[in-house]
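> Structure in structure tokens, see below.
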Protein chains: 2
Amino acid sequence: MVKIVIVEDDVFLRAELQSILEKEGYSVESISSFDTTLEDIISAAPSVIILDLNLPKLSGFQICRALKARGIGPILVLTSRNQLRDELHALDLGADDYLTKPCHPKRLIARIQKLHHLYANMHVLLDAGDFQLDEKANVLYVGKNSISLSENEGMIMKALVKAVPSVVKKEELFNQLWGSSEYVDENILQVNMTRLRKTLDEVGLSNRIKTVRGIGYQLIGGSCR
Amino acid sequence: MVKIVIVEDDVFLRAELQSILEKEGYSVESISSFDTTLEDIISAAPSVIILDLNLPKLSGFQICRALKARGIGPILVLTSRNQLRDELHALDLGADDYLTKPCHPKRLIARIQKLHHLYANMHVLLDAGDFQLDEKANVLYVGKNSISLSENEGMIMKALVKAVPSVVKKEELFNQLWGSSEYVDENILQVNMTRLRKTLDEVGLSNRIKTVRGIGYQLIGGSCR
DNA sequence: TTCAAACCTTACAACAACTGTAAGAGTTAA
DNA sequence: TTAACTCTTACAGTTGTTGTAAGGTTTGAA
């Protein structure tokens with residue numbers, strides 16, 4: 001079942017879209033208010049996301065970026081903003097297609113199909129610019145090479161990549177790797193960091209994990225697009 | 001170096017496009033006459049193809065289909081035809097994006113970047129219908145789950161999936177796994193088959209490897225699309 | 001039905017990869 | 001200078017992978 005999530009605040013347009021898409025055989029879920037948006041979108045595990053840019057609280061652009069950083073997509077922006085710079089901005093932030101209202105249903109459906117097909121045959125890779133991480137398989141792709149990471153290495157990389165360009169707190173890493181319950185020696189994180197850095201070194205990704213003294217670690221470099 | 005191939009018969013437009021793209025840092029190759037088109041496109045190994053629909057001999061649609069059948073892409077159709085049915089047709093035949101002339105250079109470039117980025121990060125997954133195999137990472141994707149296979153399991157699966165729906169000879173598997181040089185006990189293949197089958201069982205892929213007595217093994221089921 | 005070839009399963013041990021612990025060295029900033 | 005913080009290395013327990021070995025099961029033809 002192909003599931004489509006519509007993020008759109010105009011009630012009437014939303015109903016119309018939903019009707020069109022459901023006739024086409026899609027499973028549709030609509031979301032309007034922001035408070036629940038990000039979480040809802042993620043937990044809905046959509047095959048395609050249709051996103052309006054004019055949302056009440058957080059802008060569509062921000063949602064776009066947040067979703068992409070988490071490897072969620074594809075995102076089709078459907079908006080009444082027909083300015084080129086809006087389109088460029090949206091595409092730059094990670095939107096996969098950009099259609100302006102009014103949009104012929106057939107065009108919308110064709111584009112949805114396209115995106116879905118593309119993503120269905122594609123891995124969702126966390127993208128750090130000059131390398132990609134397959135968070136499910138714990139495999140790192142650097143250029144044409146690939147190396148598989150250990151469980152721990154993968155977890156740390158995932159956290160770092162998802163947080164770019166922020167710093168990941170040590171505490172957070174401890175929670176992710178060893179749970180917050182049991183006690184583990186502080187040192188274990190450092191050891192695993194050393195190991196990860198060494199692994200990254202071996203594939204040409206040197207000095208990419210910066211230590212933020214007292215706080216945590218941060219992934220740097222890797223020109224964001 | 002990102003290489004773009006332009007298939008366009010209008011000399012002036014071609015020159016203009018080439019100029020725009022080269023300023024952007026792309027390596028550009030232009031093609032006009034059809035006689036050499038398909039071969040040229042393929043041998044040029046482009047990162048992105050810009051395709052006009054109004055070509056003298058073979059239509060852009062046909063080129064579209066031919067390229068897609070060979071797994072070559074992405075294809076961005078850039079045309080003066082602004083009919084919806086042309087767009088739908090092109091997308092259906094495999095075009096990855098469709099822009100109408102006149103098109104703002106920045107929009108074109110943004111779309112090219114998008115497509116290139118998408119394809120550059122795309123995994124080539126071996127597809128067996130109801131599961132996919134990442135042959136580089138030795139990871140099997142079944143629905144939303146993924147399991148990593150051992151080296152041997154991965155090699156066998158790769159051989160089986162690639163051969164579908166044929167039978168893979170035992171000899172061939174021996175060559176792939178242990179080389180043809182040294183002697184290894186016949187039994188080792190059976191053992192590894194048992195292990196692979198057990199692994200597949202655990203993810204709901206039961207009875208998918210059929211033994212062809214005296215010949216080899218065969219992957220079955222998994223509705224091909 | 002019988003039987004041998006073909007195939008399957010299980011157990012075992014060697015080996016490699018991964019992980020946490022421990023100890024000591026290096027670095028940072030007040 | 002110094003104490004807190006961080007890094008590095010070595011070691012051992014654990015787990016996963018692989019080939020070997022031994023014995024059981026299935027198949028198909030006589």
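> Exactly one of these conditions fails for B:F34: (1) at pLDDT 85 or above; (2) crowded, with 16+ Cβ neighbours inside 10 Å; (3) more than 30 Å from A:K144 (Cβ to Cβ). Give me its number.
For B:F34, the failing item is (1).
> State whether the residues of the stretch B:57-74 include one that is under 20 Å from A:L84 (Cβ atoms) and away from chain A (no Cβ under 12 Å).
No, because not a single residue in the stretch B:57-74 is under 20 Å from A:L84 (Cβ atoms) and away from chain A (no Cβ under 12 Å).
> Continuing with this model, one more query. Which strands (runs of 3 or more DSSP E) sit wholly inside the stretch B:122-218 and have at least 1 residues that are farther than 30 Å from A:N145 by Cα and not small (G, A, S)?
By residue number, B:167-169, B:209-212.
> How about the stretch A:150-169: which of its residues are away from DNA strand C (no atom under 14 Å from the Cβ) and open to solvent by 30 Å² or more (accessible area, probe 1.4 Å)?
Those that are away from DNA strand C (no atom under 14 Å from the Cβ) and open to solvent by 30 Å² or more (accessible area, probe 1.4 Å): A:K162, A:V164, A:P165, A:S166, A:K169.
> Let me ask something else about it. I need a count of the residues in the stretch B:149-169 that are within 14 Å of chain A (Cβ to nearest Cβ) and modelled with pLDDT under 85.
Total satisfying the criteria: 0.
> Pairs please, first residue from the stretch A:194-212 and away from chain B (no Cβ under 14 Å) and more than 12 Å from DNA strand C (Cβ to nearest atom), second anywhere and part of a helix (DSSP H, G or I) and open to solvent by 30 Å² or more (accessible area, probe 1.4 Å), Cβ atoms under 6 Å, 6+ apart in sequence or on different chains.
Hits for this filter: A:I209/A:R197.
> In the stretch A:180-193, which residues are open to solvent by less than 90 Å² (accessible area, probe 1.4 Å) and more than 10 Å from DNA strand C (Cβ to nearest atom)?
Of everything in the stretch A:180-193, just one residue is open to solvent by less than 90 Å² (accessible area, probe 1.4 Å) and more than 10 Å from DNA strand C (Cβ to nearest atom), namely A:M193.
The values are calculated or read from the model by the stated rules, or taken from the named source; none is laboratory data. In this text the structure is predicted, and so the values were computed from the model without any measurement. Every residue, glycine among them, receives a Cβ derived from its backbone with ideal geometry; neighbour counts consider all protein chains shown. All accessible areas refer to the heavy atoms of the entire protein, side chains included, with ligands and DNA or RNA removed. Shrake-Rupley method; radii C 1.70, N 1.55, O 1.52, S 1.80 Å.
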